[in-house]
Amino acid sequence: MLALTAHTPVHIDGNEGFTNASGVVWGSGTESDPYIIEGWEIEVFATIGISITGTDAWFVIRGVHLFNSNMTASVGISLWGVQNGTIENSSLTGMVTGVEMTISSQIVLNGCEIPSHGYAVYLLECSDVTVSRCELIGNDYTGIGVFRCTNVRLAHNNITDLGKGMDLYDSSSVEITNNTIARNWWNGLVIGSCSGIVVHNNTFISDGITLAGTTVSHYDTHDITTDNLVNGDPIYYISNQNEVILDNIPVGQLIVADSTRIHG
């Protein structure tokens, strides 16, 4: 990471807002030459550290440090109505919300440290978003919240010692793979009012999965495989089955949806 330079909060409204004066250090906004926002240290006090609204130019935010030492109402990075953005290799500490995305698409969040006090990552009505290789440790509430979203990939994140690890509601085409979700005091992964969620190869420690909803499809349409482990033992998700025998099989968590006659 480059040596950091103190900077005031960055606010960009529309593609024309990507200027050197607003915090862009280089780039022209194309896919091959995105606008780069890099190397800034920004104190966030009752405001938003980096706010981008209504853009479709390509941009990358990387190597920035945003901090709030007062625990006031604050957001680290906010994207609203944005396409074609990447946030990577940055740290955001002390925020109420670390990174929030609203009505945005084609966004990648990768390799960031976000110990926030509310949501570390909050997605609302977004599509085609990837959150990967982030450290979301020891904040007060929730690691990743996904609400009314589609085509979201959550992979290789470490989500530990929070209230809830991941919170999904009214979303579809979400893939949750290769995450570590540990010791979150409320719950590890909550899947509410969703259908067809893919959950593969995650490690849960003193945590597990909760399903919630109002129709049968919110319970029996998911793809939850036995390579998900709870305290070292597999999760068994039994859906639309009749007469299943689990005698003498180690089970980390058993989830039964629209099935009958489960023996163990």
Review point. Does segment 12-38 hold any residues that are assigned to a strand (DSSP E or B) and surrounded by fewer than 16 Cβ atoms within 10 Å (Cβ to Cβ), and which are they?
Key: Asp13, Trp26
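Output yes when any residue across segment 167-175 is under 20 Å from Val131 (Cα atoms) and without any contact (Cβ under 8 Å) to a residue 24 or more places away in the chain, and no when none is. Full working, then the answer.
The first filter runs over segment 167-175 and keeps only residues under 20 Å from Val131 (Cα atoms), leaving 167-175.
Restricting the remaining residues to those that are without any contact (Cβ under 8 Å) to a residue 24 or more places away in the chain gives 173.
There is at least one residue in segment 167-175 that is under 20 Å from Val131 (Cα atoms) and without any contact (Cβ under 8 Å) to a residue 24 or more places away in the chain.
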Exercise for review: Considering only residues that are among the β-branched types (Val, Ile, Thr) and more than 15 Å from Glu100 (Cα to Cα), look in segment 50-85 and name the one that is surrounded by the most Cβ atoms within 10 Å (Cβ to Cβ).
Suggested key: Val64
Review point. From the list Leu162, Leu124, Leu189, Leu136, which residue is within 17 Å of Ile235 (Cβ to Cβ) and among the hydrophobic types (A, V, I, L, M, F, W, C)?
Key: Leu189
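Taking segment 187-209, which residues are surrounded by fewer than 23 Cβ atoms within 10 Å (Cβ to Cβ) and either more than 24 Å from Leu124 (Cβ to Cβ) or within 17 Å of the chain's Cα centre (by Cα) (or both)?
Of all residues in segment 187-209, those surrounded by fewer than 23 Cβ atoms within 10 Å (Cβ to Cβ) come to 187, 190, 192-193, 195-196, 198, 200-201, 203, 205-206, 208.
Within segment 187-209, Asn187, Val190, Gly192, Val198, His200, Asn201, Thr203, Ile205, Ser206, Gly208 qualify.
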Review point. Which condition number does Ile144 fail, the rest of (1) under 21 Å from Gln83 (Cα atoms); (2) among the aliphatic types (A, V, I, L, M); (3) in contact with a Ser or Thr (Cβ under 9 Å, 6 or more places away or on another chain) being met?
Key: (3)
Check your understanding: Pairs under 8 Å by beta carbon, first residue on the phi > 0 side of the Ramachandran plot and surrounded by fewer than 15 Cβ atoms within 10 Å (Cβ to Cβ) in segment 244-264, partner part of a loop (DSSP other than H, G, I, E, B) and not polar (S, T, N, Q), six or more apart or different chains?
Key -> Asp258/Val216
Study note, to complete from the structure: Restricting attention to segment 39-86, the residues that are in contact (Cβ under 8 Å) with a residue 60 or more places away in the chain and part of a loop (DSSP other than H, G, I, E, B) number exactly 2
Review point. Does Asp223 satisfy being over 15 Å from Gly252 (Cα atoms) and either basic (Lys, Arg) or exposed (fewer than 15 other Cβ atoms within 10 Å of the Cβ) (or both)?
Key: yes
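So, in segment 143-171, of the ones that are of a type in the set (Gly, Ala, Ser) and assigned to a strand (DSSP E or B), which residue ends up surrounded by the most Cβ atoms within 10 Å (Cβ to Cβ)? Quick ask: steps written out before the conclusion?
First pass over segment 143-171, keeping only residues of a type in the set (Gly, Ala, Ser): 143, 145, 155, 163, 165, 171.
Still in the running and assigned to a strand (DSSP E or B): 143, 145, 155, 165.
Values: Gly143: 33, Gly145: 22, Ala155: 18, Gly165: 31.
For segment 143-171, the residue satisfying everything is Gly143.
Each reported figure results from applying straightforward, stated rules to the coordinates on display, with no laboratory input. Nothing here was measured: the structure is a model prediction, and the numbers come from that model. We place every Cβ from the backbone using ideal geometry, glycine too, and count neighbours over all the protein chains shown.
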